[in-house]
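Reviewing the structure listed below.
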Amino acid sequence: MKFTKPQFLVANHEVGPLVGAMSTAAAWIWAPALFLAAEKAYTQGWVGVFWFVVPNMATLVIFAFFAWKLRSLFPDGYTLSGCMRERYSGRVQNVYLTALIGLATCSFAVQLLAGAKVLSVLTGLPYWSLTIILAIIPVGYSLYSGFKGSMVSDSLQLLMIYAVGALIVPWTIIAGGGWETVEKGLYGKSGTFTDLFSGDGLTVFLTFGIPVTIGLLAGPFGDQSFWQRAFAIRKDSVRLAFILAAFIFGVVPITLSLLGFLGAGMGLTAVDTQRVNLEVVGNLVERKLLPGWILIMFVYLLLSGLVSTLDSNLTAISSLAGHDIAGRAGHGESLDRRGFSWFSRGAMLVLVVGGIAIANIPGMTIPYLFLFYGTLRASTLLPTVITILKKQVSEPGMFWGIITSIVIGLPIFAYGNLYKVTPMIIGGSLFSVLASGIIVLIATWRRRT
């Protein structure tokens, strides 16, 4: 079957609000969200969960208005980087392309890392083989039907997450001692996380709340997966779809966090807090309080979230290659032409190979990748916002502002996280997000004067 460029890359700009919201929520359920909510509940109580869930939901609500605005400016757009070329220049487009492709690649590898590690523990299969299997799962329908196939798959995966979660979580809570046990764990395993801005809660705010909020706010602004949805959803439904997606998403981490509270209330000593949700279920299975097959259902829930993000990364990089890179190479506007088809589908295959390779680098971890692409997207946050809100913006300011944020902010932020230096964590994250915006504004002001 042959597809035109609009059909393959943005579903002909005709996606409805409900499907768009479900697909967006599924894409926002990245691998750490499936593990981190329970981990934060277990280690840092309701305070940790608050600083994970609320910024996540608020981000999609805020993004809804900027997505609508950019869509109004570029009603027939395809990519954020393509818009930057129209507005500024090829070199600004190149900076955005680097950031967007880097994020898609690292995000793809993160999903493989998280999923393969869990499956390897549960099945005993080699980690490397599982990264290959997970990477291949979404390739078929993404290669064949492009973005429309991804959105349909995302919606189905989300429904499966809801259905399995509605079965497993209440059953696990009942088996683990009921709601009273969950309440015992609301302040975390140590019982010291009682307030948002005092005691241990203040530490969570400084070391987790601030950096994560900044990183999450930058998330969709620096991720082609979400701009692709902004261009695919019907123009009059963009805001509604993203706001609805925020609440659809919120149900998932809140539900999974209950397993972390349960583990803390049970007095469970987790071997690996990153997998505490699985350990809680596994503990109850070992004690014959839950049937063994429930672990299989729980793994399927996790895989549903992973696969929805994997196919979003595939279609995102497909649009970047099919619109921006193929356009720069001089190919035509229709995917019926061989050139665009090679670029779009070829980029998916390259991403699969690259993601598998990165996930299998010895010593590679989720935090390392998250730090890298988190800084990339933070560096483009304010320049993107300024572009959407202001008519006259300095092109040199855009280019050098983003470059400065990446070159200086990334090393500071990475060093602080790797060696647990709180001032550098905060300083690096603030520099990454603020420096580019300040440089853009100063350069724009100087040009006017």
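The values are calculated or read from the model by the stated rules, or taken from the named source; none is laboratory data. Bear in mind that the values here come from a model prediction, so they are computed numbers and not experimental data. Cβ atoms come from the backbone with ideal geometry, glycine included; neighbour counts cover every protein chain shown.
Identify all residues within the stretch 228-244 that are surrounded by fewer than 24 Cβ atoms within 10 Å (Cβ to Cβ) and assigned to a helix (DSSP H, G or I); write none if there are none.
Just the residues of the stretch 228-244 that are surrounded by fewer than 24 Cβ atoms within 10 Å (Cβ to Cβ), to begin with: 234-237, 239-240, 243-244.
Those that are surrounded by fewer than 24 Cβ atoms within 10 Å (Cβ to Cβ) and assigned to a helix (DSSP H, G or I): K235, D236, S237, R239, L240, I243, L244.
For the stretch 174-206, the set of residues classified as buried (at least 17 other Cβ atoms within 10 Å of the Cβ), closer than 10 Å to F261 by Cα and of a type outside the set (S, T, N, Q) consists of V182, G185, L186, Y187, G188, K189, listed by residue number.
Check L156, L130, L143 and return the single one that is without any contact (Cβ under 8 Å) to a residue 24 or more places away in the chain and touching a helix residue (DSSP H, G or I) at 6+ places or on another chain (Cβ under 6 Å). From the options L156, L130, L143, the qualifying one is L130.
The sole residue among I174, I161 that is assigned to a helix (DSSP H, G or I), of a type in the set (A, V, I, L, M), modelled with pLDDT of 85 or more and under 14 Å from L303 (Cβ atoms) is I161. Taking first residues from the stretch 226-237 that are touching a residue at least 24 places away in the same chain (Cβ under 8 Å) and farther than 14 Å from F147 by Cα and partners that are of a type in the set (G, A, S) and in a helix (DSSP H, G or I), the Cβ contacts under 7 Å between residues at least 6 apart in sequence or on separate chains come to S237/G20. When you look at A21, is it within 24 Å of V385 (Cα to Cα), assigned to a helix (DSSP H, G or I) and not polar (S, T, N, Q), yes or no? It is true that A21 is within 24 Å of V385 (Cα to Cα), assigned to a helix (DSSP H, G or I) and not polar (S, T, N, Q). Taken over the stretch 144-164, residues that are more than 20 Å from the chain's Cα centre (by Cα) and either surrounded by fewer than 19 Cβ atoms within 10 Å (Cβ to Cβ) or over 26 Å from N12 (Cα atoms) (or both) amount to 3. Taken as a whole, the stretch 83-103 holds no residue that is more than 28 Å from A326 (Cα to Cα) and part of a helix (DSSP H, G or I). Condition test on F247, is it in a helix (DSSP H, G or I) and under 20 Å from S312 (Cα atoms)? Judged against the criteria, F247 is a match.
Search the stretch 60-81 for residues being among the β-branched types (V, I, T) and not in a loop (DSSP other than H, G, I, E, B), and hand back the single one that is surrounded by the most Cβ atoms within 10 Å (Cβ to Cβ). Walk me through how you get there before you give the answer.
Within the stretch 60-81, the subset among the β-branched types (V, I, T) is 61-62, 79.
Those still in the list that are not in a loop (DSSP other than H, G, I, E, B) too: 61-62.
Details: V61: 15, I62: 17.
That would be I62.
T105 falls short on exactly one of the conditions (1) under 27 Å from E279 (Cβ atoms); (2) of a type outside the set (D, E, K, R); (3) touching a Gly at 6+ places or on another chain (Cβ under 7 Å), and that condition is (1). Of all residues in the stretch 238-278, which are hydroxyl-bearing (S, T, Y) and farther than 25 Å from R377 by Cβ? Of everything in the stretch 238-278, those that are hydroxyl-bearing (S, T, Y) and farther than 25 Å from R377 by Cβ turn out to be T255, T269, T273.
Summed over the stretch 8-18, residues that are outside any loop (DSSP other than H, G, I, E, B) and either surrounded by fewer than 19 Cβ atoms within 10 Å (Cβ to Cβ) or touching a Lys or Arg at 6+ places or on another chain (Cβ under 6 Å) (or both) total 4.
Of the residues making up the stretch 260-293, those that are of a type in the set (A, V, I, L, M, F, W, C) and either part of a loop (DSSP other than H, G, I, E, B) or on the phi > 0 side of the Ramachandran plot (or both) are L268, A270, V271, L289, L290.
If a residue must be of a type in the set (K, R), farther than 16 Å from I439 by Cα and surrounded by fewer than 24 Cβ atoms within 10 Å (Cβ to Cβ), how many such residues does the stretch 372-400 contain?
Restricting attention to the stretch 372-400, the residues satisfying the condition of being of a type in the set (K, R) are 377, 390-391.
Among the residues that remain, those that are also farther than 16 Å from I439 by Cα are: 377, 391.
Narrowing further to those that are surrounded by fewer than 24 Cβ atoms within 10 Å (Cβ to Cβ): 391.
Qualifying residue count for the region: 1.
Tell me whether the stretch 29-40 contains one or more residues that are buried (at least 21 other Cβ atoms within 10 Å of the Cβ), small (G, A, S) and farther than 18 Å from S308 by Cβ. Within the stretch 29-40 (the criterion being buried (at least 21 other Cβ atoms within 10 Å of the Cβ), small (G, A, S) and farther than 18 Å from S308 by Cβ), the answer is yes, since at least one residue qualifies. All told, G45 falls short of being surrounded by fewer than 24 Cβ atoms within 10 Å (Cβ to Cβ) and either at pLDDT 90 or above or touching a Cys at 6+ places or on another chain (Cβ under 6 Å) (or both).
Residue check: is M57 assigned to a helix (DSSP H, G or I), farther than 18 Å from T380 by Cβ and either touching a residue at least 24 places away in the same chain (Cβ under 8 Å) or charged (D, E, K, R) (or both)? Spell out how you get there, then give the answer.
Working: assigned to a helix (DSSP H, G or I): yes; farther than 18 Å from T380 by Cβ: yes; either touching a residue at least 24 places away in the same chain (Cβ under 8 Å) or charged (D, E, K, R) (or both): yes.
Yes, satisfied.
Residue by residue, here is whether (1) under 22 Å from the mean Cα position of the chain (by Cα); (2) among the hydrophobic types (A, V, I, L, M, F, W, C) holds:
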{"site": "S81", "(1), (2)": "yes, no"}
{"site": "Y88", "(1), (2)": "no, no"}
{"site": "V95", "(1), (2)": "yes, yes"}
{"site": "C106", "(1), (2)": "yes, yes"}
{"site": "A135", "(1), (2)": "yes, yes"}
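Applying the criterion of being acidic (D, E) and without any contact (Cβ under 8 Å) to a residue 12 or more places away in the chain to the residues of the stretch 252-287, the residue that is farthest from A38 (Cα to Cα) is E286. For the stretch 193-207, the candidate set comprises residues that are in a loop (DSSP other than H, G, I, E, B) and touching a residue at least 12 places away in the same chain (Cβ under 8 Å); within that set, the residue that is nearest to V53 (Cα to Cα) is L196. Looking at S257, S225, S319, S304, just one residue is at pLDDT below 90, part of a helix (DSSP H, G or I) and surrounded by 24 or more Cβ atoms within 10 Å (Cβ to Cβ), and that residue is S304. Of all the residues in the stretch 326-355, those that are over 21 Å from T98 (Cβ atoms), in contact with a Leu (Cβ under 7 Å, 6 or more places away or on another chain) and either aromatic (F, W, Y) or modelled with pLDDT of 85 or more (or both) number 1.
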